[in-house]
1. In degrees from 0 to 90, rounded to the nearest 10, what is the angle of the helix 131-145 Cα long axis to the longest principal axis of the chain?
2. Strictly greater than 28 Å: what percent of every Cα pair in the range 169-305 meets that?
3. What residue among 160, 280, 289 has the largest mean-square fluctuation in a Gaussian network model of the chain, using Cα springs under 10 Å?
4. Return one number: the angle in degrees, 0 to 90 and rounded to the nearest 10, between the long axis of the Cα atoms of helix 189-198 and the longest principal axis of the Cα atoms of the chain.
5. Normalised by the number of residues in the range 228-305, what is the relative contact order in percent for Cα pairs under 8 Å and 6+ residues apart?
6. Going by a ≥ b ≥ c, the root eigenvalues of the Cα gyration tensor, does the range 32-89 fall in the rounded group (a/c under 1.5), the prolate group (a/b larger than b/c) or the oblate group?
7. Report relative contact order for the chain in percent, whole number only (criteria: Cα-Cα under 8 Å, sequence separation at least 6).
8. Would you please classify the overall shape of the range 128-204 from the alpha carbon gyration tensor, given that a ≥ b ≥ c denote the square roots of the eigenvalues, rounded means a/c under 1.5, and beyond that prolate means a/b larger than b/c while oblate covers the rest?
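Each value in this text was obtained by applying a stated rule to the coordinates, not by laboratory testing. It should be emphasised that the depicted structure is a prediction, and the values quoted were computed from it without experimental measurement. As a convention, Cβ positions derive from the backbone with ideal geometry for all residues, glycine included, and neighbour counts pool all protein chains shown.
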Ligand code: CP
Ligand code: NVA
């Protein structure tokens, strides 16, 4: 049976630990300059309905480093943009490709692609989830802290796709997560309540950022205006006042708290320059780890069995 990565909720703790083990090995090999080509002769298709810097480059470079080839497919340059169905596209692309990564709006589009493709499908971000990002983030936690066991993570800002994947990660990996989001910009109630119901760890939603970061090992944030929400810019900037990750907020947390942001950042909005470039920032390590964690995912889903 083919395997997909649509959402962290679908994975077990063991699945995630295997991804992290493979990530550590692949990162070490790359740092040693060792060639390793488990994807030789394989091709990944990368469908983008939204813009990207990190996801596109890290998947393309990662596939190349594993000996495979990646094809960039901008949604509007394909027949999808002219109304060809996801079903037909899945059937056709399965005849050419060995795997598909897709960044799109609706999670249902990723699910529909996965149901109808004969090759693995990887979610490269939807409005609901960003699983590859949070795997890279937690791998970064492991590198810096040794383990995610006993982690106290916090998230400050918009209750969005990144938040939802943090929630699923906290559920599956049993770490505590405290979020602070302003009214009207809370995480999806279904995702949150399911996790709170099923988790053995504590998953809490607050409204006060200072309360949320107290005692936290990690403070994570994200843009206040996600892709597709540009028209809401003015309203959102107002709504998120008081939710900036700045030096003052860090002073409410541990000295060695790790600051994370999936990027792209809007410096001066959700995060200050001082914090982004300061001693607590793990932000560019997170970005690098997208490459290594996604190579592990590609190897596990598309590599020679
Ligand atoms: N973090 C992230 O997914 O970045 P891109 O939008 O640049 O791919
Ligand atoms: N929440 C952001 C993440 C970008 C990687 C967005 O969806 O635009």
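1. Around 60 degrees separate the two axes.
2. Above the 28 Å cut-off, the range 169-305 has 24 percent of its Cα pairs.
3. In this elastic network of the chain, the residue with the biggest mean-square fluctuation among 160, 280, 289 is 280.
4. Helix 189-198 and the main axis of the chain meet at about 90 degrees.
5. 29 percent
6. It is oblate, given that a/c is not under 1.5 and a/b is not larger than b/c.
7. 21 percent
8. prolate
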